[in-house]
Amino acid sequence: MAQKLPQIGELHSLPEGSQTNALDLLFEPSPAIHSTLLPVIQNTKYSSYPELIDQCRTALFDLASKSTPANPNSTLLSVVGSHPRLGSKKVDSAQSAAEQANLQGQGEQLAELNREYEEKFPGLRFVVFVNGRGRPEIMNDMRVRIDRGDFDKEVDAALQAMCDIAKDRASKLLA
């Protein structure tokens, strides 16, 4: 049975388990995401999921502001690391598996880019809003970001992608 999001007006008053399930559907299952974003859900009532996700974005970027390339925040690394590697054969969330369906094939090349990315940016995982784009375009984006070599911009790009993905998921889960 397909999972669905609760009504946004009720989300803040639901049991914590229901709130974490909503976060898992929007983002990825992750204790770091739960600890960072549950207060966003619990402390305010929202009129729409995009409004909630915008506030989650603010909380995530606030977490990033407490991190430096030399001393990255461990919770931030866990949040970003909650997303599966692109092209991974084992993807826990059904949403991520569906979103990455266009990326099948040429696994070795994508695996090599993932390895190179994670060596360049220790503790980070490449996160991008695939949005129907194919493997060549995504791999080109990865190459550009690796060559740019800017840790702070990578954190910003990953967090923005996570929120873009969450908005897309919300629109599909509410349809």
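The values are calculated or read from the model by the stated rules, or taken from the named source; none is laboratory data. Source: prediction; values computed, not measured. Note that we place each Cβ from the backbone using ideal geometry, even for glycine, and neighbour counts take in every protein chain shown. Remember, those area values only see protein heavy atoms, side chains included, never the ligands or the DNA or RNA. Shrake-Rupley method; radii C 1.70, N 1.55, O 1.52, S 1.80 Å.
Couple of notes before you dig in:
- Looking only at residues in the stretch 130-167 that are closer than 30 Å to GLN7 by Cβ and open to solvent by less than 30 Å² (accessible area, probe 1.4 Å), the one that is nearest to the chain's Cα centre (by Cα) is MET162.
- Condition check for GLN109: modelled with pLDDT under 95 and outside any loop (DSSP other than H, G, I, E, B): yes
- Residue match in the stretch 153-170 (condition: aliphatic (A, V, I, L, M), at pLDDT below 95 and assigned to a helix (DSSP H, G or I)): no
- Members of the stretch 118-152 that are part of a helix (DSSP H, G or I) and touching a residue at least 24 places away in the same chain (Cβ under 8 Å): LYS120, ARG135, ILE138, MET139, MET142, ARG143, ARG145, ILE146, PHE151, ASP152
- Test: LEU86 is aliphatic (A, V, I, L, M), more than 16 Å from ALA22 (Cβ to Cβ) and at pLDDT below 85: yes
- Close pairs (9 angstrom Cβ cut-off, 6 or more residues apart or separate chains): touching a residue at least 40 places away in the same chain (Cβ under 8 Å) and over 23 Å from HIS83 (Cβ atoms) in the stretch 34-53, open to solvent by less than 20 Å² (accessible area, probe 1.4 Å) and not aromatic (Phe, Trp, Tyr) anywhere: SER48/ALA170
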